[in-house]
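Encoded as structure tokens, the structure appears first; notes follow it.
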Amino acid sequence: MPSIPQYNTRQVKTDAAATPYYKTQASAEAFGAGTAKALQSMGEKMGDASSAVGKILIAKADAKKEAEEKASDAAEKQVNETLAVDYSNQFIQATQPKLDHYFGQRGKGAVEGFDAAATQLSQAKEDLLSQAPVPGVADMLSPALEGELNASLSQLQRHRDQQQGVYEDDVSAMRIGLSQEKANRAYNDDRAVATNFHIAASEQAHQLQRRGASPEEQATAQADLASSFLRGRIESALGHNDLAAAQRYYAAAGAGLKAADQAPVKARLDAAVLTDTVQRHTQQILQAPASVPRAAPSAATTAAAAGGEVGMAAPDGPRPPDLQARLAEVMKIADPAVRDRVEVNVALATEREAAAYRDN
């Protein structure tokens, strides 16, 4: 216990009391830190849960919006696709008549008309694209029309390439034909005929080379051309009534005529020979003096002749043609084909002469 100092002592001496005590140490847990932390953790978790719920709601809203947008886009796309298909069909319908018209052209017309046809197709594409109601339709339509246009242009190009060969063949055929016509007009000029045949043969050789013809095919074509030229020359001579020249050409080179030319040329030559023979016999009989008995003069005629009366016909005056005498000459012709034709010619000519005699 404390001791009380003397009155003159200003100090107090303390001694530890003998009372027992507990030694303690303060901590956060002692003041509820654990509870606070638990509450804080629970709050954080609640915050996290709230954030998660918000995210879920936002995600659902976004998903719904996206679905709605996709549905709207799909519907719009469907409409645009339908319009694009419709415009594509319109393009096909609009261009088909142009294609048909071009495919109907051949040779020179197809080659020279290609650019115009291609321009028409391209213009049809641009016209349809300009009619697209919305950009989405145009975006879908453009590649579709481009594909249709390219397919159509490919068809045009194939037709043009095919007709290029036809055009070249037409030009060659025209040159060969012109050369043959010149040779036929100058049938009696050996040099002119040879020159024009050379021109035609050269053109034909170029034509066959373009086609890739074999040497055998070229040789056959050359022989056919030579036969055609010879036939044309003979027929041209016959057309000018130059039978002698036609017979000469046939005798000199007739063996070179192909079967397709040999028969018609021989038939025409034979017909020309027959006609010439008939004409010669007919002229000979008609020009021969008429074998008719002289009629006995009448008394008046004799008196007139003796007295010298003017105006009376002499007994040796013009006499009518004697058909029977002429037909007797006709019967001397050995060839029945010639005889029959001469008989007809003589009968007709005699009838005309008799009519003229009666009229006079």
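Values computed for the structure shown
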quantity: Cα-projected label distance for Ala255 with Arg268, points at 7 Å along beta-carbon direction, nm; calculated: 2.3
quantity: Segment 134-253, relative contact order [Cα under 8 Å, separation at least 6], %; calculated: 21
quantity: By average C-beta atoms within 10 angstrom, highest first, the peptides 339-349, 209-219, 230-240; calculated: 230-240, 339-349, 209-219
quantity: Sorted by Cβ density within 10 Å, fewest first, the residues Phe114, Phe229; calculated: Phe114, Phe229
quantity: Highest-first arrangement of 319-332, 163-176, where packing means the average Cβ count within 10 Å; calculated: 163-176, 319-332
quantity: Segment 190-257, relative contact order [Cα under 8 Å, separation at least 6], %; calculated: 29
quantity: Order of Arg160, Arg191 - criterion: other Cβ atoms within 10 Å of each residue's Cβ, fewest first; calculated: Arg191, Arg160
quantity: Convex hull volume of segment 190-257 per residue (C-alpha atoms, cubic angstrom); calculated: 79
quantity: Pairwise label distance in nanometres, Asp139 with Asp189, each label 7 Å out on the Cα-Cβ vector; calculated: 7.7
quantity: Pairwise FRET efficiency - Gln284 versus Glu181, Cβ, R0 = 41 Å, nearest 0.05; calculated: 0.60
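None of the figures in this text is laboratory data; all of them are computed from the coordinates on show. Everything numeric in this text was worked out from a predicted model, so none of it was measured. A quick note on method: Cβ atoms are made from the backbone with ideal geometry, for glycine too, and the neighbour counts reach across all protein chains shown.
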